[in-house]
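Okay, so here's the structure we're looking at.
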2 protein chains.
Amino acid sequence: MAETPVRFGILGCAGIAQKQSKAITLSPNSTLYAVGSRSLEKAKKFAAENGFPPSAKIYGSYEAVLDDPDVDVVYVPLPTSLHVQWAVLASKKKKHLLLEKPVALNVAEFDQIVEACEANGVQFMDGTMWMHHPRTAKMMEFLSDTERFGHLKTIHSFFSFAGDDNFLKNDIRVKPGLDGLGALGDAGWYCIRSILWATNYELPKTVTAHRGPVINEAGVILACGSSLQWEDGKTATFHCSFFTNLTTDITAVGTKGTLHVHDFIVPFEEKTASFSTISQIRFAERALPSQNVITTDLPQEVCMVSELSRLVKSIKEGGSKPESKWPSISRKTQLVLDAVKASIEKGFEPVQVGV
Amino acid sequence: MAETPVRFGILGCAGIAQKQSKAITLSPNSTLYAVGSRSLEKAKKFAAENGFPPSAKIYGSYEAVLDDPDVDVVYVPLPTSLHVQWAVLASKKKKHLLLEKPVALNVAEFDQIVEACEANGVQFMDGTMWMHHPRTAKMMEFLSDTERFGHLKTIHSFFSFAGDDNFLKNDIRVKPGLDGLGALGDAGWYCIRSILWATNYELPKTVTAHRGPVINEAGVILACGSSLQWEDGKTATFHCSFFTNLTTDITAVGTKGTLHVHDFIVPFEEKTASFSTISQIRFAERALPSQNVITTDLPQEVCMVSELSRLVKSIKEGGSKPESKWPSISRKTQLVLDAVKASIEKGFEPVQVGV
């Protein structure tokens, strides 16, 4: 039984589900088991094009995936507005959850998901892939090193990509009824997560959105930025946008060291990833930053799927409890996201971050 | 006569004057000619230790330097609070000016300096060395390239260094009566200049300081940040601090390209300097950024002195008018700096940038 792979069922045929299907296929402890779409034809086509094994179950509804007793994990890449409905239903059916980000339209919705997961003893994880790259742990080693990095004082995070005209008119991420959090929910999620990650998930006290966000006619944010302030004086800023060249940066600055990474969301290369560090350099002393290179056999999305399957197996076969870290950091990310949105809506006033 | 080097006189013996003395010595069209200090002994010691030629004039006052008819350019590394007095006096004595930054405590003071320079037909330049590195022109080529970079949408600039306990207690940059603009005037100056440089010196419409600046008991800013907003939707952010590891970043993001530089103020190496660029990469397309390496025989501070001397020779020997670009960009930098300070004083309200 120990070798039985964890069986994934996918709700819908979203673009991101193609990448995730490949990741499930590549993950040694996971297998593509089912896909459901409101259109059986679309589900068949998706399964055929995305490496599902011949034995995979193809369903003409999302419900059928949830009702299949052999599905262990449900992957939910549906629009954010549908998350609470399907995630709660899946957890009631005792399915472990891999939920795309942003996890919900707001933290109140997300709390319904977390409660359902806790009540049903299922593992929750969101689809933030970069968290699982081995580079991320190496970067944290540097940030945790009081000799090389000192104490974190400020972080800047940036995520933009240039949506074309079709994206900016028709993508679900610009539609209020679908992914209504727009660029803040899509790109800003990563920025906020990276900032929380760097602070060891210490919530900021207040958030103040920057003036000048871009908001479309339907009220969806297409670009915005924010400052974050912590009780102890730490600060952070981020900027997210659908309008500019693909850029994914974290700059973390401590009392003794600095970390730069320019491809934190998707590494420039699949098998190697790097970040640069520099420590305790006085002004006018000349020294070059260190390039830290990490090699990995598995892409970060495969690492993510494998980690989720490891936790699921441990629950199923070892009687472990679900790992609470993952829903906890999803919730904190959503809390900060909600505060940024509230600050924009309140005319860029500072907003206390909820708990 | 064409080979006569431009003769520099230095007011005071500040630390930065050591670096500048070396630059003047290395500059082919410039020569160290005089130094004045309130203490003749200090002036003698400074001249002996900083490569002044035996013929150099050593004075026991600043006035004596200004009264020497053979001094062409006066370099003013005095505390900011003394700039307006000595810069105006120097220009009245027909001395061209190399003035340390921040150029004044506020733009009203700086306007007195500019008026005096204009009335007396002398060249003004501030001591922002990185502007003169050949890399800076190469970076501007990229930012101006509508194919590789597109149109500038956002810029982030960062400058911090870690002052030790002695610096934080005793340096003139933490004293309200001396360099009363603190980290904003010292480090923030560079951030603001880099942002204006990237926008081709288009002034932002409004400036909103970030919450959470660090201000000492005497009211001097030790760390702060700000957002800037332009009429056309461009945005920028910067952060400056006396508390964190030496970090000097510009990130400029356009519709089609991104530029990163991590040593814009003092290059990591003296003879070569680099910046990285990446263009038109779609999400999930993998490509590595280009490393652009520029070599230079002369350090940037020597380039600065040489450019000033070239302008001065052109005025003295060719009858040219002073180059108005340099006082103009100093003034714009000061205008934005004033607005950031005003925003902090007004409780982080947005402040219109003056003209």
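The values are calculated or read from the model by the stated rules, or taken from the named source; none is laboratory data. For clarity, every value in this text was computed on a predicted model and none was experimentally measured. Here Cβ is always computed from backbone atoms with ideal geometry, including for glycine, and neighbour counts include all displayed protein chains.
Entry remark, segment A:223-272: residues being β-branched (Val, Ile, Thr), over 18 Å from the mean Cα position of the chain (by Cα) and assigned to a strand (DSSP E or B) number 7 in total. Restricting attention to segment B:128-175, the residues that are under 18 Å from B:SER330 (Cα atoms) and either assigned to a loop (DSSP other than H, G, I, E, B) or of a type in the set (S, T, N, Q) (or both) total 4.
In summary, A:GLY163 fulfils each of the numbered conditions (1) of a type in the set (Gly, Ala, Ser); (2) more than 13 Å from every other protein chain (Cβ to nearest Cβ); (3) more than 18 Å from the chain's Cα centre (by Cα) with the single exception of condition (2). Answer yes or no as to whether A:VAL312 is buried (at least 22 other Cβ atoms within 10 Å of the Cβ), aliphatic (A, V, I, L, M) and more than 12 Å from chain B (Cβ to nearest Cβ). Taking the combined requirement at face value, the residue satisfies it.
Counted as qualifying within segment B:1-71 are the helices (runs of 4 or more DSSP H) with 3 or more residues that are on the phi < 0 side of the Ramachandran plot, among the basic types (Lys, Arg) and assigned by TED's automatic domain parsing to the domain that holds B:SER314, namely B:40-49. Listed conditions (1) closer than 17 Å to A:ALA339 by Cα; (2) away from chain B (no Cβ under 13 Å); (3) not polar (S, T, N, Q) are all met by A:ASP186, apart from (2). Per this entry, A:VAL122 is not counted among residues that are surrounded by 17 or more Cβ atoms within 10 Å (Cβ to Cβ), in contact with a Leu (Cβ under 7 Å, 6 or more places away or on another chain), assigned to a strand (DSSP E or B) and aliphatic (A, V, I, L, M).
Checking B:PRO69, B:PRO28, B:PRO54, B:PRO77 one by one, the residue that is surrounded by fewer than 17 Cβ atoms within 10 Å (Cβ to Cβ) and under 18 Å from B:VAL302 (Cα atoms) is B:PRO28 and no other. May I ask you to verify whether B:VAL214 is among the aliphatic types (A, V, I, L, M), facing chain A (nearest Cβ under 9 Å) and either within 18 Å of A:SER226 (Cβ to Cβ) or in contact with a strand residue (DSSP E or B) (Cβ under 9 Å, 6 or more places away or on another chain) (or both)? Judged against the criteria, B:VAL214 is a match.
For A:GLU141, the stated conditions do not hold, so it cannot be described as surrounded by fewer than 18 Cβ atoms within 10 Å (Cβ to Cβ), modelled with pLDDT of 95 or more and not assigned by TED's automatic domain parsing to the domain that holds A:ILE278.
Look through segment B:163-203, keep the residues that are among the acidic types (Asp, Glu) and surrounded by fewer than 16 Cβ atoms within 10 Å (Cβ to Cβ), and return whichever of them is modelled with the highest pLDDT. Looking at residues that are among the acidic types (Asp, Glu) and surrounded by fewer than 16 Cβ atoms within 10 Å (Cβ to Cβ), I get B:GLU202. Candidates B:LYS22, B:LYS95: the one that is touching a Gly at 6+ places or on another chain (Cβ under 9 Å) and within 30 Å of B:LYS271 (Cβ to Cβ) is B:LYS22. For segment A:278-298, filtering for residues that are assigned to a strand (DSSP E or B) and either out of contact with any Lys or Arg (no Cβ under 7 Å at 6 or more places or on another chain) or modelled with pLDDT under 95 (or both) leaves 5.
Looking only at residues in segment A:207-222 that are among the β-branched types (Val, Ile, Thr) and in a strand (DSSP E or B), the one that is farthest from B:THR154 (Cα to Cα) is A:VAL207. Here A:ILE113, A:ILE155 are screened, and the one residue that is closer than 24 Å to A:ALA90 by Cα and hydrophobic (A, V, I, L, M, F, W, C) is A:ILE113. The residues listed here are A:VAL302, A:VAL340; of these, the one that is within 14 Å of chain B (Cβ to nearest Cβ), crowded, with 17+ Cβ neighbours inside 10 Å, in contact with a helix residue (DSSP H, G or I) (Cβ under 8 Å, 6 or more places away or on another chain) and in a helix (DSSP H, G or I) is A:VAL340. Can you say whether A:THR244 is surrounded by 24 or more Cβ atoms within 10 Å (Cβ to Cβ) and facing chain B (nearest Cβ under 7 Å), as far as the supplied structure shows? In short, yes.
Residue by residue, here is whether (1) closer than 23 Å to B:PHE142 by Cβ; (2) outside the structural domain of B:CYS117 (by TED's automatic domain parsing); (3) acidic (Asp, Glu) holds:
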position: B:GLY254; (1), (2), (3): yes, yes, no
position: B:ASP263; (1), (2), (3): yes, yes, yes
position: B:ALA273; (1), (2), (3): yes, yes, no
position: B:SER309; (1), (2), (3): no, no, no
position: B:GLU317; (1), (2), (3): no, no, yes
position: B:SER328; (1), (2), (3): no, yes, no
position: B:ALA339; (1), (2), (3): no, yes, no
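Residue under question is A:ARG211, and the condition is that it be of a type in the set (D, E, K, R) and either modelled with pLDDT under 95 or surrounded by 24 or more Cβ atoms within 10 Å (Cβ to Cβ) (or both); does it hold? Spelling it out, it is not the case that A:ARG211 is of a type in the set (D, E, K, R) and either modelled with pLDDT under 95 or surrounded by 24 or more Cβ atoms within 10 Å (Cβ to Cβ) (or both). For segment A:139-157, does any single residue satisfy the condition of being within 13 Å of another protein chain (Cβ to nearest Cβ), in contact with an Asp or Glu (Cβ under 8 Å, 6 or more places away or on another chain) and more than 22 Å from B:SER241 (Cβ to Cβ)? Taking every residue of segment A:139-157 in turn, none turns out to be within 13 Å of another protein chain (Cβ to nearest Cβ), in contact with an Asp or Glu (Cβ under 8 Å, 6 or more places away or on another chain) and more than 22 Å from B:SER241 (Cβ to Cβ). Residues considered: B:LEU184, B:LEU178. Of these, the only one that is outside the structural domain of B:ASP111 (by TED's automatic domain parsing) and either over 23 Å from B:TYR75 (Cα atoms) or assigned to a helix (DSSP H, G or I) (or both) is B:LEU184.
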